[in-house]
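All remarks here apply to the structure that follows.
The values are calculated or read from the model by the stated rules, or taken from the named source; none is laboratory data. These numbers come from a predicted model, not from an experiment. Here the Cβ is made from the backbone with ideal geometry for all residues, glycine too, and neighbour counts use every protein chain on show.
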Amino acid sequence: MSWFDSHCHPEVENLETELAFAKECNVMGLIAVGTTPEKSENVLDYVRALRHRDAGVSAFASVGIHPHDAYSSSQRGLDFLETLLVADEERLIVGVGECGLDYYYERSPRDVQIEIFRAQIELARRYNKTLVIHTRDAWEDTFEVLDSVSLPERVIFHCFVGTEKEAKAANDYGIYMSFSGIVTFKNSDALRRAALIAKRELILIETDAPYLAPVPLRGKPNQFANVSITGEYLSNHLAIPKEEFQELVWKNTVKAFAI
């Protein structure tokens with residue numbers, strides 16, 4: 001089995017070197033994620049290029065509007081995402097997002113974040129795509145929104161940084177929890193406790209590259225190959241043999257994105 005990165009932001013110009021390193025690390029699956037209409041179009045180009053370069057890699061895309069960009073993207077951005085979804089004859093797109101709420105930076109007004117989040121939930125539901133959620137310092141409003149709408153069949157908390165409370169809620173909702181390099185950080189004891197109670201069938205791993213490089217690479221540019229480090233760390237933390245955990249994560253990711 002190989003590792004599968006459920007969430008990264010790769011660039012076409014880095015494809016050759018990152019792909020070579022990924023093969024060395026036995027990472028053979030990735031979901032390239034857009035955060036603006038333009039970047040969503042770019043990740044589709046990346047997935048096409050990667051598939052052309054190596055058909056053995058399972059590469060797919062998720063298109064979305066990050067809460068930071070909710071105000072600047074507005075309805076025109078949503079319309080563009082829908083255009084991408086409609087035109088996806090190659091079936092490259094498996095998700096909508098990352099989208100959601102970020103009250104840590106609040107680069108878009110909260111009411112606008114909620115509006116754009118709700119609209120993308122509807123897009124995911126309408127086109128039967130997986131909903132990829134970003135939530136930071138906004139758990140209460142995130143769950144309030146989720147309770148107020150009809151959800152798509154598959155939902156993921158990307159870069160899950162919740163406590164045991166949020167992990168239990170995700171278990172109850174049947175929402176996947178994707179763990180990034182943050183789980184390896186020294187001050188992430190609460191997150192590691194949350195991972196222990198997450199249902200095994202709901203666990204994913206990710207890099208969020210080029211961000212959040214895991215220990216011992218913290219502070220350096222990240223790349224999707226490094227999901228292997230997070231995977232090995234989490235397999236040890238959960239006391240699951242590495243090969244068994246690889247298989248679990250791969251199967252979970254395939255199911256989470258209906259690949």
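Which members of segment 1-48 meet the condition of being among the aliphatic types (A, V, I, L, M) and under 21 Å from ALA256 (Cα atoms)?
Across segment 1-48, the qualifying residues are MET1, VAL27, MET28, LEU30, ILE31, ALA32, VAL33, VAL43, LEU44, VAL47.
Of everything in segment 88-109, what is under 24 Å from TYR71 (Cβ atoms) and either modelled with pLDDT under 95 or surrounded by fewer than 16 Cβ atoms within 10 Å (Cβ to Cβ) (or both)? Give them in sequence order.
TYR104, TYR105, GLU106, ARG107, PRO109
Can we say LEU30 is surrounded by 15 or more Cβ atoms within 10 Å (Cβ to Cβ) and in contact with an Asp or Glu (Cβ under 8 Å, 6 or more places away or on another chain)?
yes
Count, please, the residues in segment 146-157 that happen to be over 13 Å from ALA124 (Cβ atoms) and either in contact with a Leu (Cβ under 8 Å, 6 or more places away or on another chain) or of a type outside the set (Phe, Trp, Tyr) (or both). Reasoning before the result, please.
Just the residues of segment 146-157 that are over 13 Å from ALA124 (Cβ atoms), to begin with: 147-148, 157.
Checking which are either in contact with a Leu (Cβ under 8 Å, 6 or more places away or on another chain) or of a type outside the set (Phe, Trp, Tyr) (or both) leaves us with 147-148.
Adding up the residues that qualify gives 2.
Would you confirm whether or not segment 235-243 contains a residue that is modelled with pLDDT of 95 or more and under 18 Å from the mean Cα position of the chain (by Cα)?
no
Please enumerate the residues belonging to segment 110-148 that are in a loop (DSSP other than H, G, I, E, B), crowded, with 20+ Cβ neighbours inside 10 Å and touching an Asp or Glu at 6+ places or on another chain (Cβ under 9 Å).
Within segment 110-148, just ALA138 meets the criteria.
Taking the conditions exactly as written (free of Cβ contacts under 8 Å to residues at least 24 places away in the same chain and either in a loop (DSSP other than H, G, I, E, B) or under 18 Å from the mean Cα position of the chain (by Cα) (or both)), does ARG107 satisfy them or not?
Values: free of Cβ contacts under 8 Å to residues at least 24 places away in the same chain: no; either in a loop (DSSP other than H, G, I, E, B) or under 18 Å from the mean Cα position of the chain (by Cα) (or both): yes.
When the stated conditions are applied, ARG107 does not pass them.
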